[in-house]
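Below is one structure, written out as structure tokens; comments come after it.
All of the numbers you see were taken from the coordinates with simple rules; none came from a lab. Computed from a predicted structure; not experimentally measured. Positions of Cβ are backbone-derived with ideal geometry, glycine not excepted, and every protein chain shown enters the neighbour counts.
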Amino acid sequence: MTKQEFWRLLDGCRSSDPDAFLAALEESVAALVPAERMSFRAWLGACMQALEDCVWLDMACKVINGYVSDDTSLYFNLWVIAQGEAVLLAALENPDSLADLPEIPFEQADFELLMGVGFEEAEDYEE
């Protein structure tokens, strides 16, 4: 899976309803062969690492969600990833760009369940 395929997959599943987005993404990723599923998780991990190193996104998390901790920062970063590549890149360059989003779920800008997408316990441990 290339970076473009990773973002296309997210874009194709995105919905204003987080539950629908998660269900569509889980279904799409589950349909991938194990190597592609692992690649999806690797791209997700790379995005998470890039956002983790940006202290300014922690400040955006504080403004949007009202507080920041290790967990809320992680879940907020997953929410940023779920918004798409353009939003992620803009947020890394200037976290104030998040204010331009049409809808911000104040005090609920998190997407914890994204980090479990594509993980098949029995199969992935063997890989």
Legend entry - Label point distance in nm, Phe119-Ala35, each placed 7 Å from Cα along Cα→Cβ: 2.4 nm
Legend entry - Helix 55-65 vs. the chain, principal-axis angle (Cα, 0 to 90°, nearest 10): 80 degrees
Inset, instruction - Could you sort 100-108, 20-28 so that the peptide with the highest average Cβ count within 10 Å comes first and the rest follow in order? - result: 20-28, 100-108
Inset, instruction - Please work out, to two decimal places, the log10 of the ratio I(q)/I(0) at q = 0.16, 0.20 Å⁻¹ from a Debye calculation in which every Cα of region 1-70 carries one identical scatterer. - result: -0.71, -0.94
Legend entry - Computed label-point distance, nm, for sites Glu52 and Asp70 using a 7 Å Cα→Cβ extension: 1.1 nm
Inset, instruction - Determine, for each peptide in 87-98, 44-55, the mean count of other beta carbons within 10 angstrom over its residues, then list the peptides with the highest first. - result: 87-98, 44-55
Legend entry - Paramagnetic label zone (point 7 Å from Cα along Cα-to-C-beta, Glu112; backbone N under 14 Å) in region 50-83: 69-79
Inset, instruction - Would you calculate the separation in nanometres between label points at Gln4 and Ala42, each defined as 7 Å from the Cα along the Cα-to-beta-carbon direction? - result: 1.8 nm
